[in-house]
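Taking it in order: structure first as structure tokens, then the write-up.
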Amino acid sequence: MPDYDYQSDDRPFSQVIEDIGAKTDPKLYLGELVNAFGERGIGALLLFLGLISALIGALPGTTTVIGLPILLIALQLVIRRDQLWMPAWVLRSSIDRGGYRTAISKVLKPLRKVERWSRPRYSPMTNEVGEVMIGLACTGLVVILMLPIIFANLVPSLIIAAFGFGLMQRDGAVIVVAWIGTIAFALAAWLAWEVVSAAITNSWEWVTGLF
């Protein structure tokens with residue numbers, strides 16, 4: 001994997017991800033992203049990986065490539081690890097840079113609008129306890145994201161991205177929105193499960209009743 005050194009802390013996040021796409025290397029390595037996001041670390045990676053999952057996660061195999069680092073990041077939030085750690089094999093994982101450029105072009109404009117609106121606020125949402133709770137929520141969301149269910153990745157991916165943006169910007173308002181999305185998604189999943197399980201039970205009773 002090439003060694004990248006982006007000094008990106010002074011640039012808006014939207015500019016960082018656009019500059020990453022401008023590189024000529026056909027492969028985009030996760031290790032490159034870790035270097036590029038610098039001190040923004042965990043929040044920036046959750047935001048980035050959540051957006052990429054939402055945009056290209058329907059492609060076969062991508063939810064695993066994207067989901068594993070999200071899971072590692074979420075678990076490190078739970079255990080309150082001071083410095084982000086990734087195993088070498090994860091850092092060497094890659095996606096196609098051309099596909100990345102196409103995907104990112106769809107979100108740059110709205111992302112820049114949100115960046116202008118966002119600011120640090122509602123600090124209790126991003127304190128130590130808040131980060132642990134976010135880590136637990138993201139762990140559950142990424143497990144669902146990695147399940148082989150077609151089009152099931154979009155909503156959890158966007159929620160993870162919102163949590164990441166809120167952490168990166170220390171913006172508690174965005175975190176609140178992400179929590180509302182998490183609760184709504186959990187309720188919808190529970191209701192869907194109740195409907196499906198009831199249908200299966202009724203079908204089984206009907207079949208056994210025939211005999």
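Bear in mind these aren't lab numbers, they're just calculated from the coordinates by the rules spelled out. In this text the structure is predicted, and so the values were computed from the model without any measurement. Positions of Cβ are generated from backbone atoms using ideal geometry, with glycine treated the same way; all protein chains shown enter the neighbour counts.
Relative to the longest principal axis of the Cα atoms of the chain, the long axis of helix 128-146 makes an angle of roughly 60 degrees. Relative contact order of the chain: 27 percent, from C-alpha pairs under 8 Å at least 6 residues apart in sequence.
One Cα centroid belongs to the range 183-211, the other to the range 55-133; the line between them spans 34 Å.
Report, in deg cm²/dmol and to the nearest 500, the calculated mean residue ellipticity at 222 nm for the chain, where each DSSP H run with n ≥ 4 adds -39500 (n - 2.57) and the sum is divided by the residue count. The helix contribution divided over the chain gives -22500 deg cm²/dmol.
If you fit an axis through the alpha-carbon atoms of helix 13-22 and take the longest principal axis of the Cα set of the chain, what angle between them do you get, 0 to 90°, nearest 10? Once rounded, the angle reads 80 degrees. Rounded to the nearest 10 degrees, what's the angle between the helix 108-117 long axis and the longest principal axis of the chain, both from Cα atoms, 0 to 90? In the chain, helix 108-117 runs at an angle near 80 degrees to the longest axis. Peptides 123-133, 42-52, ordered by how many other C-beta atoms sit within 10 Å of their residues on average, highest first, read 42-52, 123-133. Once you sort the root eigenvalues of the Cα gyration tensor of the range 161-211 as a ≥ b ≥ c, which label holds: rounded (a/c under 1.5), prolate (a/b larger than b/c) or oblate (the other case)? Note, shape of the range 161-211 comes out prolate. Packing, as the average of other Cβ atoms within 10 Å across residues, places the peptides 113-120, 27-34 in the order 27-34, 113-120, highest first.
When the chain is described by a simple charge dipole with +1 on each Lys and Arg Cβ and -1 on each Asp and Glu Cβ, the residue from 127, 17, 206 located farthest towards its positive end is 17. The charge dipole of the chain, taken about its Cα centre with unit charges on the Cβ atoms of Lys, Arg (+1), Asp and Glu (-1) only, comes to about 460 debye.
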